[in-house]
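K.L.:
Sharing a structure, written as structure tokens. Questions coming.
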Amino acid sequence: MHCAILKAEALDGAHLMQIFWHDGAESLYPAVWLRDNCQCSDCYLHSAKARKLLLEALDVNIRIDDLTFDRKKVYITWPNDHYSEFEANWLKKRCFSQQARARLQGELFLPECQYWGSELQLPTLNFEDVLNDDDHAYKWLSSLKKVGIVRLTGAADKRGEIIKLGKRIGFLYLTFYGHTWQVQDKIDANNVAYTTGKLSFHTDYPALHHPPGVQLLHCIKQTVTGGDSEIVDGFNMCQKLKEKNPQAFHILSSTFVDFTDIGVDYCDFSVQSKHKIIELDDKGQVVRINFNNATRDTVFDVPIERVQPFYAALKEFVDLMNSKEYKYTFKMNPGDVITFDNWRLLHGRRSYEAGTEISRHLEGAYADWDVVMSRLRILRQRVMNGN
């Protein structure tokens, strides 16, 4: 963004600064925000990109004492003779207009979301390319954010491959099941995933108050018959449910449900949480699905008259997920790694035959969305700058 200042002046008793830009746009900036964000070395630690100015030292009613400008900068003197300089590009990017704020939020959080159903064209990249090339790693994480799932092919059919992906983004998310975990048939299984039975659509780990944002599953061995993977776009399903039955949507987005997980693995654990099945932000947008029928607790902390309507709403939501037009079915092959948004997608598995030896083996891990988004922003900057 290359911006040029045409004019800058103080308004509203010097409580505001107005800038007229050469492109015809106008911007307003509160004096208190400008003083709070002074970029001088006394107020800002550039090595950490962090504010040094204490809020205790900020006069919330401060006025601009003197203001001058040129095409590239604004220069402000404050009542206590403190001096601030602000670059034109820096100011234009942080303009308080609704359009400018929306543009910057889009750059920071990359909210674009591509809904899908059974027609999904599963984004696919090469595992080694993602590990070794920034362009491919950027395509991986940007597609993961937008579509919610990416398949990587060509990993070795041995344990430890997803640890490499963890290092590629930063680090993996440790849970009570370990840094990584093995999905295979186990005697006295401590998780329903460690059986050969069908797994209905679910998100992983709603028993945690902060469920893992991204799941990674690496196929090491696959059964000949059965064991197919099923996925559904939960955000799309929420939209369809809201259109079809607004009351059911309201119930699932307003009722807190208890989840529990008790056992021993990485260490012993006794986990409890409360979530709404459909979690909304302050604008009413769906930000996370929290649903695992296996770990939904027998404890249900609602008045008795709300129990049956809740079950009816949840059943309608699950039936919608299982519609052929919305779910996508595929089979993982040894060497495949699927990476997906655990806050958005619900996933399941068809049953398979138990044999005398392990016939199906996946290694799984989690990553936090903060870690993934951090790497995505860094890769985006590198790719856009041609580095």
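The values are calculated or read from the model by the stated rules, or taken from the named source; none is laboratory data. Keep in mind the model is a prediction, meaning the values are calculated, not measured. Methodologically, a virtual Cβ is constructed for each residue, glycine included, from the backbone with ideal geometry; neighbour enumeration extends over all protein chains shown. We work out accessible area using only protein heavy atoms, side chains counted, and drop any ligands, DNA or RNA first. Shrake-Rupley method; radii C 1.70, N 1.55, O 1.52, S 1.80 Å.
K.L.:
Regarding the range 144-157, can at least one residue be identified that is open to solvent by less than 40 Å² (accessible area, probe 1.4 Å), at pLDDT 95 or above, of a type outside the set (S, T, N, Q) and in contact with an Asp or Glu (Cβ under 6 Å, 6 or more places away or on another chain)?
P.N.:
yes
K.L.:
Ok, one more. Here is a list: 259, 291. Which entry is open to solvent by less than 20 Å² (accessible area, probe 1.4 Å), assigned by the TED database to the domain that holds residue 202, of a type in the set (Phe, Trp, Tyr) and part of a loop (DSSP other than H, G, I, E, B)?
P.N.:
291
K.L.:
For the range 65-121, please list each of the strands (runs of 3 or more DSSP E) lying entirely inside it that holds at least 2 residues being surrounded by 14 or more Cβ atoms within 10 Å (Cβ to Cβ) and touching a helix residue (DSSP H, G or I) at 6+ places or on another chain (Cβ under 8 Å).
P.N.:
73-77, 83-87
K.L.:
Check whether at least one residue in the range 299-308 is surrounded by 13 or more Cβ atoms within 10 Å (Cβ to Cβ) and touching a residue at least 60 places away in the same chain (Cβ under 8 Å), and report yes or no.
P.N.:
No - not one qualifying residue is present in the range 299-308.
K.L.:
Follow-up. Every residue in the range 122-141 that is farther than 17 Å from residue 379 by Cβ and open to solvent by 50 Å² or more (accessible area, probe 1.4 Å), please.
P.N.:
Of everything in the range 122-141, just one residue is farther than 17 Å from residue 379 by Cβ and open to solvent by 50 Å² or more (accessible area, probe 1.4 Å), namely 124.
K.L.:
Among the residues of the range 219-234, is any among the charged types (D, E, K, R), free of Cβ contacts under 8 Å to residues at least 12 places away in the same chain and assigned by the TED database to the domain that holds residue 351?
P.N.:
Looking for residues that are among the charged types (D, E, K, R), free of Cβ contacts under 8 Å to residues at least 12 places away in the same chain and assigned by the TED database to the domain that holds residue 351, one finds none in the range 219-234, hence no.
K.L.:
Let me ask something else. How many residues does the range 272-288 contain that are open to solvent by 50 Å² or more (accessible area, probe 1.4 Å) and in a loop (DSSP other than H, G, I, E, B)?
P.N.:
4
K.L.:
For residue 204, state whether it is under 14 Å from residue 362 (Cβ atoms), of a type outside the set (Val, Ile, Thr) and assigned to a loop (DSSP other than H, G, I, E, B).
P.N.:
yes
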